[in-house]
Amino acid sequence: MLKMPGWEMSIVWYFFLGGIAGGAYFTAAIADNVGSRRDQAVARVGYLLSLPLVAVCGVLLIADLGVPKRFMNMILHFKFWDPMSIGAWAVGIFGAFTFVSSVLSFTSSESMAQLRRRISLVGMLFGFFLAGYTGILLSNSAMPFWGDSRLMGALFLASGGSTGMAAVALIMFLTGRSVGEAWHKIEVADRYSMLVEMLVLALFLGLLGAAAQPITTGHFARLFWGGLVGAGLIVPLLLNLFGSRVRALGLVSAVLVLVGGFILRYVVVMSIQG
Amino acid sequence: MARTLAMFTDTSLCIGCRACQVACKQWNELGLEEPEWTGTYQNHAHFTDKTFRLVRFIEAPGAKPNGDLAWLLMSDVCKHCAQAGCLDACPTGAIYRTEYGTVNINQDVCNGCRYCVASCPFGVVSFNEQTGTAKKCTFCNDRIHNGLGPACAKACPTDSIQFGFRDELVAKANQRVEALKAMGFKDAQLYGADSNGFLGGLNAFFLLLAKPATYNLPENPQRPQRNVVVDSLFSIGSAILVGVGALLAFRERGKGGA
């Protein structure tokens, strides 16, 4: 009886990349504000990563509209209770923060760095929002499973944190910055995020009960249990915990977290529409 | 606001002629679609972007007063909910409530995000690939603003679909339920007539001869946006946990850094 919205791969990619953008930014903001001078490598990678990602998010969102040239209609209107409406605004505002923070990440003046840290404390809130609101958007619809899950936003947010941190770690590795204290700290932060994500995922499934069947049984079950829970959470957490001496294992862990984050969005979005 | 208008679909009077479905297609110039084999006379299986009125043909074992199989007919339509999920979901303001209480989609404003499709508890709103916009019954917005009833109600030969002021139709509907019960239709009931009931009442409400579930209607449909606050609080909790984790990882432990 119910009608599916036909949100498919571009929305899965948007949820995934938006989570990374938000997660990378708030991680950068925290590292920038409470970390040492050496942690500024993390902050700079986080800011510079979130900027292109949020730009891609905007393109994905606009291209997925039925009438893309009318995307501004969402900005001409505001509904404070409507995730789609606030979300459209937040993507735009967050984009502006990532731009300013990225530009300021190149400054060598301490007063400008101070300004960047202040700005990032506000931008961080939009980063958290972008990582989590997509789940709330799904959980406030009439669709089964989506509409039944009270923790979809919390789960997407934790996953945005873990994938954002994994993406930062991956880029640090690829650009030869995977040494020393900053690398160790991003690994530890990612470990905490994975633990939070596992906790939220367990509560998510527990609260849903039988309503979680679209992902826990049937066609998507193998991808969910094997791809997300196994390869995307348990394995990278073990690698992170016991392989911290070997940098290559940190790399594998980061890649697995990213793949798991994509699988999460994929099974959630596609399972009831497939 | 003008006095609320409504459509009352009395399924006990429906003969399954589909004049409503055809009149709707013609007046609204909805165009042709491939027929679908549903296993019954029903066509199409669901509402589409080109089918706003749909006569459902339902075979329900044991639903007749004497326990026999009942062949139930129901001309289904957008419910024009008093608390409309589609309207609350629409981020562009394209979906609006008219002065008569009906819910309409402004086709010049809709940008095709499809959140309304996911937010309709009845599977009514449909996406049109050609226009790139969401489509549904307009309650014949052009007709009611020119003193005419909706095309479906006008075409109905048995008055199964009645159009009028909501309060008058509800009174009439209640009398009709009593009459049917007296005739032995013990499950005769109204669906969506109560403005204190689910979704604040439906401006297109129904008289059913069996339980809503028999007609594939939800027993107690809810506003899809009712959990925004709770879900947001849980997300804030998650944000605090993740944020504190990052804080613990990055903070300087008395090393005098930064």
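The values are calculated or read from the model by the stated rules, or taken from the named source; none is laboratory data. Computed from a predicted structure; not experimentally measured. Don't worry about glycine lacking a Cβ; one is built from the backbone with ideal geometry, like all the others, and counts go over all protein chains shown. Accessible surface areas use protein heavy atoms only, side chains included; no ligands, DNA or RNA. Shrake-Rupley method; radii C 1.70, N 1.55, O 1.52, S 1.80 Å.
Summary table
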| read-out | value |
| --- | --- |
| Options B:199, B:169, B:190, B:247; residue that is open to solvent by 40 Å² or more (accessible area, probe 1.4 Å), in a helix (DSSP H, G or I) and of a type in the set (A, V, I, L, M) | B:247 |
| Whichever residue in region A:164-181 is open to solvent by 10 Å² or more (accessible area, probe 1.4 Å) and modelled with pLDDT under 90 and, among such residues, is nearest to residue B:251 (Cα to Cα) | A:181 |
| Verdict on residue B:213 being open to solvent by less than 70 Å² (accessible area, probe 1.4 Å), away from chain A (no Cβ under 14 Å) and out of contact with any Ser or Thr (no Cβ under 9 Å at 6 or more places or on another chain) | no |
| Any chance residue B:109 is within 14 Å of another protein chain (Cβ to nearest Cβ) and in contact with a Phe, Trp or Tyr (Cβ under 6 Å, 6 or more places away or on another chain) | no |
| Failed item, numbered, when residue A:78 is tested on (1) outside any loop (DSSP other than H, G, I, E, B); (2) farther than 25 Å from residue A:193 by Cα; (3) open to solvent by 40 Å² or more (accessible area, probe 1.4 Å) | (1) |
| Any chance residue A:237 is under 20 Å from residue A:179 (Cα atoms), among the hydrophobic types (A, V, I, L, M, F, W, C) and free of Cβ contacts under 8 Å to residues at least 40 places away in the same chain | no |
| Out of A:41, A:55, sole residue that is at pLDDT below 95, assigned to a helix (DSSP H, G or I), open to solvent by 10 Å² or more (accessible area, probe 1.4 Å) and out of contact with any strand residue (DSSP E or B) (no Cβ under 9 Å at 6 or more places or on another chain) | A:41 |
| Single residue of region A:123-136 satisfying the filter (open to solvent by 10 Å² or more (accessible area, probe 1.4 Å) and in contact with a helix residue (DSSP H, G or I) (Cβ under 7 Å, 6 or more places away or on another chain)) that is farthest from the other protein chains (Cβ to nearest Cβ) | A:126 |
| Of the criteria (1) touching a residue at least 12 places away in the same chain (Cβ under 8 Å); (2) part of a strand (DSSP E or B); (3) surrounded by fewer than 16 Cβ atoms within 10 Å (Cβ to Cβ), which one residue B:96 fails | (1) |
| Flag for residue A:3 being open to solvent by 10 Å² or more (accessible area, probe 1.4 Å), part of a helix (DSSP H, G or I) and within 26 Å of residue B:129 (Cα to Cα) | no |
| Residue A:46 closer than 21 Å to residue A:190 by Cβ, touching a residue at least 12 places away in the same chain (Cβ under 8 Å) and either open to solvent by 20 Å² or more (accessible area, probe 1.4 Å) or not in a loop (DSSP other than H, G, I, E, B) (or both) | yes |
| Number of positions in region B:132-151 that are without any contact (Cβ under 8 Å) to a residue 60 or more places away in the chain and either open to solvent by 10 Å² or more (accessible area, probe 1.4 Å) or assigned to a loop (DSSP other than H, G, I, E, B) (or both) | 8 |
